[in-house]
Amino acid sequence: MMELVCPAGTPAALRAAVEAGAHAVYCGFADETNARNFPGLNFTPEDMAEAVAFAHARGAKVLVAINTFPRAGAEPLWHRALANAEAAGADAVILADIGLLAHAAERHPLLRRHLSVQAAAANPDAINLYANAFGVRRVVLPRVLTVQEIAAINREIDVETEVFVFGGLCVMAEGRCSLSSYATGKSPNMNGVCSPASHVAYSEEGGELAARLGGFTIHRTPEGEPAPYPTLCKGCFSSDGQTGHIFEDPVSLDATQLIPELARAGASALKIEGRQRSRAYVAQVVRTFRAAVEAQAAGQPMPENMLARLTEGQKATIGAYAKTWR
Amino acid sequence: MDLTVGPNFFFWEAETIRSFYRDLAATPVARVALGELVCSKRLPFWRDEIPAAIEVLQAAGKEVALTTLALLTLRRERKITADLMDLDLPVEVNDLSALVQIPEGRHFWVGPLVNVYNEGTLRWLIRRGARRICLPPELTLDSVAVLAGAGRDEGVPVEVWGHGRLPLAISARCYHARLHDRAKDSCQFVCGKDPDGRDVDTMDGQQFLTVNGVQTLSQSTASMALKIDDLHSAGVAALRLSPQSRNFDDICIAYASRLARETSGAALAARLRPLVPGGNLSDGFLSGPAGAAWSGERMGKPN
């Protein structure tokens, strides 16, 4: 069966994910070492040790994301996170930075290393480089590849691949995007945040709700309509007289129907995005996807529209998995 | 400090490229990285200009390197990278996967699209053969100082983004094709109509971003005009100037005269503003609060 890798922003969400049938849960420490560094989220080293004990007692794994790029002059903070993950008994760490990978391979050789999507390893050469140089055992593939490309990659590599099936959708190659820091000074790579709420301002103007990020208007919604969160790349902009969602519509990824194809393409694990989501959301998504991977393993069809209500803005896409997305 | 000219991001006619490098050869820049960075589909249209550009630049005493693509996914794109190794020139790595094709012991440059955020990464790349490293534009001055120092300790020059629309993101999706309701595979090369990219403004008319095929740039032109003393003190070895379609040799000359202390930072900024597309400068990644910010006096339309 494909491994179902589920998000947990809090210890409570982790317990909910494990109880709902997650094979593995990924989470991070409560600081800038992880790419979901949001207020009120994430784990202390003590939380992490308890979470690992809880998961292991129920046959689930815990993967610790240390997937921002260490700040120059402050690498010890990231090195401590690695040591804390190993001490907590984590099954693997998810890393993106070359320097941190080199440090982990040298100082924590027995701690299994996964390559974060933030490393944007989008071809067999890149993956083999990380596998050979740093002993990476699994790669989370960037959301820029088609299913056919994933299959082709898997034929040329010896490590496992993990692919996103549900949740937020980056339009840009992950780990290679500074749009958020251009507008706000805070970025996924450096600070573990994208389009942070601290820099969002709403204002009612002439019957519309304007949502601004770092002072830049991301969208305007007529009064009474639901206003999506102003994520920069999902904004509505204008160019030479054309107005619209120039980068991406306010959609989220739902590749449920592609699970059988992704399995044939050689993906070992399916990843659900959403460490910022509630415990109830996580439980519902995990339960649904566990049923889907069970159905896939038994050769049965995928349930249809099973999570439509949970997708952002009520619209879903299969994103780059289809070549036409490009 | 001296000047490096980075690869041209945009899709220009072959003749335009030929005269661009001919003019560039006459400017006081020390070195040039060139080649197709953004989209492999464009390369056949101007590939034949590359040997001529190398020749004219080398004849003028410039060091020359060849850039890899920024995002390698297709098989033919890996072949393009392999072909770069055939010339006896350093390769500028802008997608890490290109390292696989660089033999151990062969030296290379690291471009601004590789994530070099800390000393551990910098040292690993130097051990692997990096002999010149241009840092990612989003770094703060504090980080730049640490990394320039680490590079100096290893004898490897570290350069920073000096001038040009900032390469903020790269995608599998082509925004030029999307704006024309076309798929990437049938784009008909619409990006060629916009020699400095196509501007994207907010619904309130704020200048914001610029799309260039699969690449998203800042609409403001980043300029370290007011930061040159800080960068010098930080130990930065070179400023990287990124090509724009007009006035580029004037821009190179203007920076060179600032490096030679013939002019002030403020005078350089004033000279640059009318020369850059959109007329807007930024330098906020270095000292905050955000990349789009400008540390000098804001002229014209507020951003």
Selection count, region A:251-264, where residues are in contact with a strand residue (DSSP E or B) (Cβ under 8 Å, 6 or more places away or on another chain) and farther than 12 Å from residue A:293 by Cβ: 6
Matching entry among B:110, B:93, B:116 (being within 22 Å of residue A:106 (Cβ to Cβ), crowded, with 21+ Cβ neighbours inside 10 Å, under 14 Å from the mean Cα position of the chain (by Cα) and within 12 Å of another protein chain (Cβ to nearest Cβ)): B:110
Residue count for region A:154-175, restricted to those that are among the charged types (D, E, K, R) and touching a Ser or Thr at 6+ places or on another chain (Cβ under 9 Å): 3
Answer from A:156, A:174 - the residue that is closer than 30 Å to residue A:260 by Cβ, at pLDDT 95 or above and within 11 Å of chain B (Cβ to nearest Cβ): A:156
Strands (runs of 3 or more DSSP E) (entirely within region A:156-214) containing at least 1 residues that are in the same structural domain as residue A:68 (by TED's automatic domain parsing) and surrounded by 24 or more Cβ atoms within 10 Å (Cβ to Cβ): A:160-167
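For region B:181-213, enumerate the residues that are hydrophobic (A, V, I, L, M, F, W, C) and under 13 Å from residue A:217 (Cβ atoms).
Result: B:200, B:203, B:208, B:209.
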Selection from region A:248-280 of residues that are at pLDDT 90 or above, within 19 Å of the chain's Cα centre (by Cα) and either not assigned by TED's automatic domain parsing to the domain that holds residue A:146 or not in a loop (DSSP other than H, G, I, E, B) (or both): A:258, A:259, A:262, A:269, A:270, A:271, A:272, A:279, A:280
Single residue of region B:41-90 satisfying the filter (more than 13 Å from every other protein chain (Cβ to nearest Cβ) and polar (S, T, N, Q)) that is nearest to the chain's Cα centre (by Cα): B:67
Filter result (of a type in the set (A, V, I, L, M, F, W, C), under 19 Å from residue B:199 (Cβ atoms) and in a loop (DSSP other than H, G, I, E, B)) within region A:221-244: A:236
Residue B:173 modelled with pLDDT under 95 and in a loop (DSSP other than H, G, I, E, B): yes
Residue satisfying condition, being at negative phi and in contact with a helix residue (DSSP H, G or I) (Cβ under 7 Å, 6 or more places away or on another chain), within set B:124, B:109: B:124
Matching entry among A:133, A:151 (being farther than 27 Å from residue B:211 by Cβ, aliphatic (A, V, I, L, M), more than 14 Å from the chain's Cα centre (by Cα) and within 12 Å of chain B (Cβ to nearest Cβ)): A:133
Filter pass, residue A:17 being more than 23 Å from residue A:107 (Cα to Cα), crowded, with 24+ Cβ neighbours inside 10 Å and within 18 Å of the chain's Cα centre (by Cα): yes
Top-ranked residue in region B:202-220 [being out of contact with any His (no Cβ under 8 Å at 6 or more places or on another chain) and hydrophobic (A, V, I, L, M, F, W, C); ranked as nearest to the other protein chains (Cβ to nearest Cβ)]: B:208
Unique residue being more than 9 Å from chain B (Cβ to nearest Cβ) and out of contact with any Ser or Thr (no Cβ under 7 Å at 6 or more places or on another chain) when the list is A:188, A:228: A:228
Some residue of region B:135-148 being of a type outside the set (A, V, I, L, M), more than 8 Å from chain A (Cβ to nearest Cβ) and under 19 Å from the mean Cα position of the chain (by Cα): yes
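The values are calculated or read from the model by the stated rules, or taken from the named source; none is laboratory data. If you're wondering where the values come from, they're calculated on a predicted model, not measured in any experiment. No Cβ is skipped: glycine too gets one built from the backbone with ideal geometry, and neighbour counts run over all protein chains shown.
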